[in-house]
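Here the structure is laid out as structure tokens; the discussion comes afterwards.
Throughout, read-outs are computed from the coordinates displayed, never taken from laboratory work. Because the structure is predicted, anything quoted here is derived from the model rather than measured. Here the Cβ positions follow ideal geometry from the backbone for every residue, glycine too, while neighbour counts run over all protein chains shown.
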Amino acid sequence: MGFKGELLVCAILECETMEEMLSSMEKAKEEGADLVELCINSMSFSHISEVEQLLKQRTLPAIVSFRTFCRGDSKKTCLQVLQLALQLNVEFVEIELEVASNVVMTELMNKRSNSKLIVSSYIQGGHLSKEKLGNLVTCLQCTGADAIKLVVDVVYITDVAPVFHMLTHCQIPLIARAVGDRGLISQLLGPKYGAFLVSGSLGGNSIPGLPPLASIKQVYKLEYMDVDTKVFGVISNPVGHSKGPLLHNPAFRHTRYNGIYVPLLVDNVKEFFRVYSCNDFAGFSVGIPHKEAAVECCDEVHLLAKSIGAVNTIVRRPTDGKLVGYNTDCEACISAIEDALRERRITNGQASHASPIAGKLFVLVGAGGAARAMAFGAKSRGARIVIFNRNFERAKALAQAVSGEALPYECLDKFCPENGMILANASAVGMQPNTNQTPVSKDVLGSYELVLDAVYTPRNTLLLQEASEAGAIVVSGVEMFIRQAVGQFKLFTGGLAPEDFMRKIVLEQF
Ligand SMILES: NC(=O)c1ccc[n+]([C@@H]2O[C@H](COP(=O)([O-])OP(=O)(O)OC[C@H]3O[C@@H](n4cnc5c(N)ncnc54)[C@H](OP(=O)(O)O)[C@@H]3O)[C@@H](O)[C@H]2O)c1
């Protein structure tokens, strides 16, 4: 097993006993790992023979490591373990820089036959400059190691950029990892910058900053990544819940587009764009809480997104590198309503080219980001807009922006001035875990021709169930989700989106 050729996927194993190590190794194998890192310091063993047994029984190639945390007493055990690993011809043996003196390195080199020696450094404390990391890499290289390893504790996602720089410029094979949730992209994008090995975690044993092994193999398919792969991602905080990677990565492969879509845990969106400013960072979904702040980061903002005051998609224009902001939530929601109404009109023989929303009373619940998109969309189609929101001041501000009317939230349940209205829930009411809640009681739902719920977890909310029972056309948040994602994908790739394929994935997996 060497440094050239196919990307190696490594499972990092920290277990207390030999039995646990062996069973985790089996699991790692099943989940697609090519090798394991056996962190021997995590084991509590009374005699070195237990380690010997483990190494002899290993079922995957291994890196044997033993962190001393700079404690003098464990250095002796560390060297004992590493020497044993060399004797047993373990594929990779890792030694910390602090322990790798000239004398120790010479001794280890003399003892090995086929094993490769990795010298590593674990760095605490965030903001590392390229210069500092560069100096450290030089020190690591000077030990004569076959490969070197850097594990960096990062504070912000922008701290990962120097790690990518090192991966690109290092003269010898480098294993690089940024620790913590904000370091996740060090693994997901590492191969683009030349990483020969990425690490992952076992299913059910999540480690911040390490992608699950299964996702490396099935979702991101990092083995296909190369220097030309375009980077896309969702900028959000939190970001772990995002379903975007499950949808956009298969869609890239389906269309043979060389792209990857990753979660981007961003604290400061302006700083993110300042640091990741090259054309390869090609497009972004924007989620909570950055949709408004992201407008300021764009060089150009699509007119509708500008009126809404929020962008959910940013594309870096390939011709001049400028960031262009869009809002695909708006068109997704309005087109879903229009298509559902048109379908019924066609069935009833009343087809027309005008928007079926024009002139309708559009009752909107909520005044947050999704509600703003819906309000401006409905206005653009000539609807009359009434807004109900828990925070009345926000409802008034939005109503004023779209020349609509704001009414007190308490009046929503009695509001039925006419029949055939449209109801759009853009509040979080009814969202998991509060699935037994609904913003509008069943009694008044009969006044609505169509009810849309932006909430998509669960797929069939209580509001939609009751609206359907009341005879209204219902449009789910999942439909809106699919359409906004398709809109984003078209903007990302500058082309068509595999709509049926994306719809199938969402319906199967979400
Ligand atoms: N299907 C899709 O593609 C899609 C796209 C975007 C959003 N969404 C969904 O739409 C919903 C809103 O998202 P957002 O981005 O607009 O969030 P947001 O900006 O945080 O707005 C949240 C809205 O929900 C209201 N709200 C929250 N809890 C409430 C409660 N207990 N009772 C009454 N009102 C409550 C808030 O009222 P206050 O102003 O009083 O706080 C505000 O109007 C979420 O469920 C989200 O998942 C779906």
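Below, the figures for the structure above:
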| quantity | calculated |
| --- | --- |
| Reachable aspartates and glutamates from Lys76, criterion Cα separation under 19 angstrom, eight or more residues apart if same chain | Glu50, Glu52, Glu94, Glu96, Glu98, Glu107 |
| Inter-site label distance for Glu296 and Asn434 at 7 Å from Cα along Cβ, in nm | 3.0 nm |
| Student exercise, the chain dipole from Lys, Arg, Asp, Glu Cβ charges, in Debye to nearest 20 | 940 debye |
| For segment 218-289 and segment 77-154, distance of Cα centres in Å | 32 Å |
| Residue order, fewest to most beta carbons within 10 Å, for His241, His248 | His241, His248 |
| Lysines with Cα under 18 Å of Lys116, excluding same-chain neighbours fewer than 8 positions away | Lys4, Lys56, Lys149 |
| Set of lysines near Lys291 by C-alpha distance (under 26 Å), chain-local residues within fewer than 8 positions excluded | Lys230, Lys243, Lys270, Lys306, Lys322, Lys379, Lys396, Lys490 |
| By average C-beta atoms within 10 angstrom, highest first, the peptides 182-189, 411-418 | 182-189, 411-418 |
| Fewest-first sequence of Cys297, Cys39 by Cβ atoms within 10 Å of each Cβ | Cys39, Cys297 |
| Selection from Ala161, Leu222, Val179 lying farthest towards where the dipole of segment 143-224 points positive, charges on Cβ | Leu222 |
| Beta bridges by DSSP in the chain, antiparallel share as percent, to the nearest 5 | 10 percent |
| Taking the C-alpha atoms of segment 8-227, convex hull volume expressed per residue in Å³ | 114 Å³ |
| Taking Asp226, Asp153, Asp280 and counting other C-beta atoms within 10 Å, the order from fewest to most | Asp226, Asp280, Asp153 |
| Simple Cβ-charge dipole of segment 348-475, Lys/Arg +1 and Asp/Glu -1, about Cα centre, in debye nearest 20 | 420 debye |
| Highest to lowest packing among 261-274, 23-36, 435-448, scored as the average C-beta count within 10 Å | 261-274, 23-36, 435-448 |
| Calculated log₁₀ intensity ratio I(q)/I(0) where the Debye formula runs over C-alpha points of the chain, q = 0.06, 0.11 Å⁻¹ | -0.37, -0.93 |
| Relative contact order %, the chain, counting alpha carbon pairs below 8 Å whose residues are six or more apart | 8 percent |
| Of the DSSP H helices in the chain, those whose Cα atoms cover at least 20 Å axially and whose Kyte score averages -0.5 or more | 72-87, 328-347, 477-493 |
